[in-house]
Amino acid sequence: MSERPNVLILHSDEHSFRFLSARSRARGGEPCQTPVLDDLIARGVHFDAAYCQMPLCTPSRIAMLTGRHAHRCGAWSNGSILDPNLPTYGSHFQAHGYETAVVGKTHLGGSLQHAGFGARPYGDFGGPCSHQPDPLDKTGDGLRTRTVDAGISEVPESLLQENTIARESLSWLREHRHAKPDTPWLVYTSFSRPHFPLTAPKRFFDRYYPEGATRPWVGRTGDSANHPMTVGAIEGFRTEEIAEDEMMKARAAYFAAVDFLDEILGDFLALLDRDGFLDNTVIVYTSDHGELAGEHGIWWKNTWHEAATHVPLIVSLPEHRNGSLDAREIRTPVSLADLFPTLCGTAGMDRPDGLDGVDLTDVLKGGSGPALDDRVGVITESPNPRWGAGTEFRMIRSARYKYIAFRDCEDLAFDMENDPDEQRNLLKTDPDNADLEALRDAVMAGFDFDEVEALRQKQTAELRAKYPARVKMHTPNQILRGDGKLVEADAPLYAPHVISDDPARDFDDYPAR
């Protein structure tokens, strides 16, 4: 076994920080059931205030993989292309003697689909970004189906993407051990849930529907209720069309999807532990962004609100799991930009130049983490006018405050200690607060919205012209066969060869329903 630690990154999609059962209701938690993640928290370091770099799938992933602010790595929108000149932790570890693999969702645009990893046996190589909608879309409306059709999954559980990711990851690790037992590895497993479609197996949905799901933590109240960005997101996502009963059913399905993912992670980790793959392995769990789930009158993400930007982040070292290091919770804000330099630190390798995050290895090992104390706060941004002209924002989260600077809208600021639900804009109630002026200066230092917009247009056009997609996908996920051919993994679901449309008619012993 290599003395250098292996790395296992468990990555979910759209998991709000509220949905960990280790988080109490008193601290803004929802009553979900996540015993596997709770156990990781009990045997690791829980970064209680972790923030994504941009609250949207593709940009968050590009920014996290490269350890840079979104505007510094071309992370603009869903479908953005990852610049191959930027190192990722996949390419960096590969170059430093590790074998690396990514399994599952990457949601990258164009013809660059490996993100610097040495292997990619299964995932979304383009097209509909891995999410497996039920074959029967009851509405015919790609946006409204997200909540209207929430409920029990019609996809057989064995064919759900989460199960395939776990099996393909385990298979890759077993083959790697067979071929290169002395070479350390980094595996990035990227699951789809709890991202919509909001469906889950019946045993999970029945926990929360018709009783069990709570109402949204925060209503459409407070000083930002009619802010141009809030209004733009509500109109863009058409969330005012979601009736009360539809909302509660969709929330129940989100709870169920969180619980289902936790069970998948438990099965996966149990197999890895049984086969000795975790003995010298750093385990990371996080998500690309959160889920508003009706908070502030909004669903989904791509806003500055806590439920959209604040994500789970758990890191468990072998020393935590063998008892030589105590578990701990860190409430100082951190960023997913910190993940790349921290992985380098745990592996004892130099970080590449140009990263925006800090190395948290000292914190993981029980230290005070001077790097955390030295920075003003962590940054989340969305330099894309998705919700209307001027709604681009840059947000900084300090130990106490959150400041959101907009390109051409009223800025917002909140006291996260005394107003965690973001109701009172301090720029109205405490306009002379020197701490807020300092945060405004910090979040805008070296940043100009006009320059960034010009860069967005230029970079997007150049990368699309240079690396256009050359294959067309027809189903959510693809799988690499042994002969090197990439084929549709979900064809039985979405392009099936139907042998019977009425099994009760065609099979005399078909059981009665």
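Once the Cα gyration tensor of the stretch 287-346 is diagonalised, what are the square roots of 5 times its eigenvalues, in whole Å and ordered largest first, as equivalent ellipsoid semi-axes?
Values: eigenvalues 176, 35, 17 Å².
In descending order the semi-axes read 30, 13, 9 Å.
All alpha carbon pair distances within the stretch 1-151 were sorted into 10 Å bins beginning at 0; the resulting P(r) in whole percents reads 9, 29, 34, 23, 4, 0. Cross-link check: pairs Lys105/Lys485; Lys249/Lys301; Lys105/Lys365; Lys301/Lys472; Lys402/Lys428 evaluated at a Cα-Cα cut-off of 22 Å; pairs beyond the cut-off: Lys105/Lys365; Lys301/Lys472. Ranked from largest, the principal axis spans of the Cα set of the stretch 44-99 equal 34, 32, 16 Å. Look at the alpha carbon pairs under 8 Å that are at least 6 residues apart: their mean separation over the length of the chain gives a relative contact order of 23 percent. Rounded to the nearest angstrom and listed largest first, the equivalent-ellipsoid semi-axes of the stretch 246-355 from its Cα gyration tensor are 30, 21, 12. With semi-axes defined as the square roots of five times the eigenvalues of the C-alpha gyration tensor, the equivalent ellipsoid of the stretch 159-309 measures 37, 18, 12 Å, largest first. Across all Cα atoms of the chain, the radius of gyration (one decimal) and Dmax (whole number) stand at 22.3, 80 Å.
Placing a pseudo-label 7 Å from each Cα along the Cα-to-Cβ vector at Thr183 and Asp408 gives an inter-label distance of 5.3 nm. Projected onto its three principal axes, the C-alpha set of the stretch 1-51 covers 43, 22, 19 Å, listed from the longest axis down. Contact order for the stretch 307-436, expressed relative to its length and based on alpha carbon pairs under 8 Å spaced 6+ residues apart, stands at 14 percent. The value given for the stretch 85-149 is a Kirkwood hydrodynamic radius of 13.9 Å, derived from the mean inverse Cα-Cα separation.
In the stretch 1-155, Cα pairs under 8 Å separated by at least six residues give a relative contact order of 12 percent.
Among beta bridges identified by DSSP and lying wholly in the chain, the antiparallel ones come to about 50 percent. Convex hull volume per residue, computed on the Cα atoms of the stretch 316-391, equals 132 Å³.
Here the stretch 99-235 is treated with +1 on each Lys and Arg Cβ and -1 on each Asp and Glu Cβ, and its dipole about the Cα centre works out to around 220 debye.
Here the chain is treated with +1 on each Lys and Arg Cβ and -1 on each Asp and Glu Cβ, and its dipole about the Cα centre works out to around 840 debye. I'd like the FRET efficiency for Arg144 and Ala270, computed as 1/(1 + (r/R0)^6) with the beta carbon distance as r and R0 of 41 Å, rounded to 0.05. Given R0 = 41 Å and the Cβ-Cβ separation, E is 0.60.
Taking the inverse of the mean reciprocal distance over all distinct Cα pairs, the Kirkwood hydrodynamic radius of the stretch 170-219 comes to 15.0 Å.
Note on Asp353 and Lys472: the extension gain reaches 39.3 nm, defined as 0.36 nm multiplied by sequence separation minus the Cα-Cα distance.
Each Lys and Arg Cβ is given +1 and each Asp and Glu Cβ -1; about its Cα centre, the stretch 350-413 then shows a dipole of about 260 debye. Expressed as a fraction of 2.2 N^0.38 Å, the C-alpha radius of gyration for the stretch 1-90 is 1.31. Taken as Cα centroids, the stretch 133-175 and the stretch 418-464 sit 37 Å apart, rounded to the nearest whole angstrom. Taking a ≥ b ≥ c as the square roots of the eigenvalues of the Cα gyration tensor, the stretch 209-289 is prolate, since a/c reaches 1.5 or more and a/b is larger than b/c.
What the Cβ-Cβ distance of Ala445 and Arg215 gives, at R0 = 35 Å and to the nearest 0.05, is a FRET efficiency of 0.30.
For the stretch 231-247 versus the stretch 70-102, the spacing of their alpha-carbon centroids is 35 Å. Length gained on full extension, Asn280 to Asp245, computed as 0.36 nm times the residue gap minus the Cα-Cα distance: 7.8 nm.
The stretch 421-507 gives an Rg/Rh value of 1.35, both radii derived from C-alpha positions and Rh following Kirkwood.
Every number in this text was worked out from the coordinates using simple rules, so none of it is lab data. Since this is a predicted model, take the numbers as computed values, not measurements. Don't worry about glycine lacking a Cβ; one is built from the backbone with ideal geometry, like all the others, and counts go over all protein chains shown.
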